[in-house]
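Right, one structure below, let's go through it.
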Amino acid sequence: MKTEVLKTGEGNDELILKKASDIIKDGGLVAFPTETVYGLGANAYDAEACLNIFRAKGRPADNPLIVHIASFEDAEKIAYTNELYYKLAKKFMPGPLTVILPKKEVIPYSVTAGLDSVAVRCPVNPVAHKLIEYSGVPIAAPSANRSGRPSPTTAKYVFDDMDGIIPLIIDGGECDIGVESTVVKITDDSVTMLRPGAVTCEMLLSVCKNVTVADAVINELKDGEKPLSPGMKYKHYAPKANLFLVNDKKIDFISLALEKQRSENCAIMCFDEEIPRLENKNLLPVGKKDDIREQTRRLFILLRRADELKVDTVYAHLPSVEDKSLAMYNRMIRACAHHVLGGV
Ligand code: AMP
Ligand code: MG
């Protein structure tokens with residue numbers, strides 16, 4: 001199959017979106033930009049089209065998809081909502097929040113991987129929004145990477161994984177946020193965070209009384225332990241090189257990085273301020289030390305760039321486990337399969 005890449009913002013958006021929505025209506029797959037990462041979308045009512053998402057990604061059959069809707073009220077069509085859903089939706093939708101709700105019959109089990117709940121999200125990115133609107137159906141879409149790889153935050157990285165597998169990639173430039181949405185589950189007036197993202201615990205606490213972070217967000221699952229969200233059990237976001245995180249409260253990062261630069265074919269993910277102190281070889285600057293937002297935004301791009309450099313190892317700072325860097329901590333700790341030099 002030939003994979004077409006069409007760029008938005010150059011006067012052809014209506015044509016591109018028409019073409020893309022026709023593919024979705026016909027049961028095909030389209031990769032599209034969102035504010036978080038690129039999604040790989042299909043008609044969420046079409047069981048067979050959604051199975052093709054799993055095939056295209058090589059995604060394990062028990063890892064459910066997120067269903068994207070054009071306005072938060074559209075959740076009514078696919079799920080049983082409640083008061084807290086509307087509180088969360090009014091505050092954070094459209095935006096990078098996914099809410100797990102009991103599913104209605106219209107959503108096939110191939111979308112929810114056999115679960116009776118469905119993940120609902122309303123993206124703010126205008127291209128994503130219009131694609132859902134023009135398609136006239138909710139769009140089931142996981143991240144548009146091959147399973148296990150870092151999520152793509154540019155159309156080029158979607159192309160690297162999906163060339164020849166899907167008919168169309170909409171290129172809407174680099175994603176603003178750069179990591180996937182916050183995923184929450186609602187019980188009564190409490191919220192459990194299953195995956196951290198740009199909507200933080202502190203932000204959620206402005207709407208609901210209790211926010212709990214699921215253990216698997218931070219800690220390794222124990223043997224045989226069943227996670228609250230199936231996606232938590234898979235190694236994820238990993239570059240081909242071995243990633244090691246360095247606890248810089250225990251180990252001097254610069255000394256270690258210099259030693260590795262001399263002895264290994266490695267890349268170093270460093271803060272911008274550290275560049276002059278390191279050898280100018282395979283450096284992957286993540287942003288300023290205090291700029292968590294930028295570090296998070298660049299994370300997946302840099303993990304992919306490490307692969308392009310064909311290095312054997314990558315060394316990076318262990319992020320703090322505090323609320324505002326929790327999304328980055330969660331992705332990095334899993335990308336390195338919990339290999340932390342100096343311990344957590
Ligand atoms: P992705 O679309 O690749 O960002 O993955 C979607 C994430 O949402 C995965 O981690 C899934 O496990 C999680 N998810 C989707 N639907 C559900 C559900 N019904 N219950 C719990 N987690 C879900
Ligand atoms: Mg994913």
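May I ask which of Lys57/Lys90; Lys103/Lys209; Lys91/Lys222 have a Cα-Cα span longer than 31 Å here?
Lys57/Lys90; Lys91/Lys222
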R0 = 56 Å: FRET efficiency of Ile251 with Glu105, Cβ-based, nearest 0.05? 0.55
If each DSSP helix of 4+ residues adds -39,500 (n - 2.57) and the sum is divided by the residues in the chain, what number results at 222 nm, nearest 500 deg cm²/dmol? -8500 deg cm²/dmol
Partner lysines whose C-alpha sits under 23 Å from that of Lys249, ignoring same-chain residues fewer than 8 away, are Lys260, Lys288, Lys289, Lys324
Nearest 10 degrees, 0 to 90: what angle lies between the long axis of helix 292-308 and the longest principal axis of the chain (Cα atoms)? 80
Using the basic label-point model (7 angstrom from Cα toward the beta carbon), what is the Ala47 to Glu133 distance in nanometres? 3.3
Taking R0 as 45 Å, what FRET efficiency do you get between Arg277 and Glu10 from their Cβ-Cβ distance, rounded to the nearest 0.05? 0.60
Of all DSSP beta bridges in the chain, antiparallel share, percent nearest 5: 40
Calculate the all-directions average of the projected area of region 269-320's alpha-carbon convex hull, and give it in nm². 3.6
Find which of Val207, Ser229, Thr313 sits farthest along the positive direction of the dipole of region 189-344, computed with +1 on the beta-carbon of Lys and Arg, -1 on that of Asp and Glu, about the Cα centre. Ser229
Say a paramagnetic label sat at a point 7 Å from the Cα of His338, along Cα to Cβ; which residues of region 169-204 have their backbone N under 18 Å from it? 195-196
Quickly work out the Asp323-to-Glu259 label distance, labels modelled 7 Å from Cα along the C-beta direction, and quote it in nm with one decimal. 3.8
Working out 0.36 nm times the residue gap between Lys310 and Lys25, then minus their Cα-Cα distance, what length gain in nm do you get to one decimal? 98.6 nm
Using only Cα atoms, tell me the angle between helix 83-92 and the longest principal axis of the chain; keep it within 0 to 90° and round to the nearest 10. 60
Contour minus Cα-Cα distance for Asp223 and Asp74 (0.36 nm per residue): 49.8 nm
Set the Förster radius R0 to 45 Å, insert the Cβ-Cβ distance between Asp291 and Asn82 as r into 1/(1 + (r/R0)^6), and round the FRET efficiency to 0.05. 0.75
Using the Cα centre as the reference, give the magnitude of the dipole from point charges on the C-beta atoms of region 59-203 (Lys, Arg: +1; Asp, Glu: -1; all else neutral), rounded to the nearest 20 debye. 80
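Throughout, read-outs are computed from the coordinates displayed, never taken from laboratory work. What you see is a predicted model, and the numbers here were worked out from it, not measured in a lab. Neighbour counts are summed over all protein chains in view; Cβ atoms, including those assigned to glycine, are modelled from backbone coordinates with ideal geometry.
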